[in-house]
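What follows is a single structure, written as structure tokens, with notes after it.
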Amino acid sequence: MAGMLKTIGFKIPQSCLLCQQPADALICHYCQTDLPVLALSQCDYNLLNWPKIKSGLQQVAYDSLLVSTEYCWPWDKLLTALKFNQRTLCAKALAEQFYRIALTHNGKRPEVILPMPLHYKRYAKRKYNQTMEIAKHLSALSGIALDDQLCQRSKATQAQTQLSGAQRRKNLRDAFRLSSSPAYQHVAIFDDIIATGSTVNSLSKALKKAKPSLHIEVWAIAISLSPGTSN
Ligand SMILES: [Zn+2]
């Protein structure tokens, strides 16, 4: 019995990741109630139906877009903390919140989650793929399989921050390659933060080129459409 408890025992944090008050969840009830979220039910769980969002995206090669929030406090705190010592708990908390906000409606689910492959420069710096970590938890919560082998970065793209829209698209041209033709009908690309959407769009194009009939959803924790931000 003691052995069993040891193997199933998940360490419950003593305090909320946001307010540090004692809590029985990663984010306490009060902080969760206060979290800003996008009104997904008002756009039928597809942000491409929302002109304010759609007009901020440069190109859209995918079929729908599901994001839990605009990039703002305290989401930024959790997304930033992913790089530091509480990263495992933050990844789990972000997956739980995305699941609660975006995936608890009755929609047709994708067969698989495709985490955005990490920019090699970022990986070299961080030794950690935060998108992958959140996606793993999301897969466990939703029961949707994870495929981190299909999509790969085929070249070292420049940092997007300093580039204009046209330069970003050139930078991302053929940035991805697929290890095989997609065996799926319906997938979800998952990224942590979307800015112009050019990175997810580039991957969507590669997938559609390999399989034009593929239904592609894009999922992300946060969207930041202000000019000059990196994605
Ligand atoms: Zn709290």
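In this Cβ point-charge picture (+1 for Lys and Arg, -1 for Asp and Glu), region 38-223 has a dipole of about 760 debye about its Cα centre. Amide H contacts of F176: S154, each under 5 Å away and 5 or more positions distant or on a separate chain (H built 1.01 Å from N in the peptide plane; Pro and chain starts excluded). For a quick check: with amide H placed at 1.01 Å from N, whose amide H comes under 5 Å from L65's, ignoring anything fewer than 5 positions away on the same chain? It is L47, L48, V218, by chain and number. Restriction of the chymotrypsin sites (Phe, Trp or Tyr not before Pro) in region 47-102 to DSSP coil positions whose beta-carbon has at most 12 other beta-carbons within 10 angstrom yields F84.
Bear in mind these aren't lab numbers, they're just calculated from the coordinates by the rules spelled out. As the structure is a computational prediction, the values presented were derived from the model and not from experiment. Every residue, glycine among them, receives a Cβ derived from its backbone with ideal geometry; neighbour counts consider all protein chains shown.
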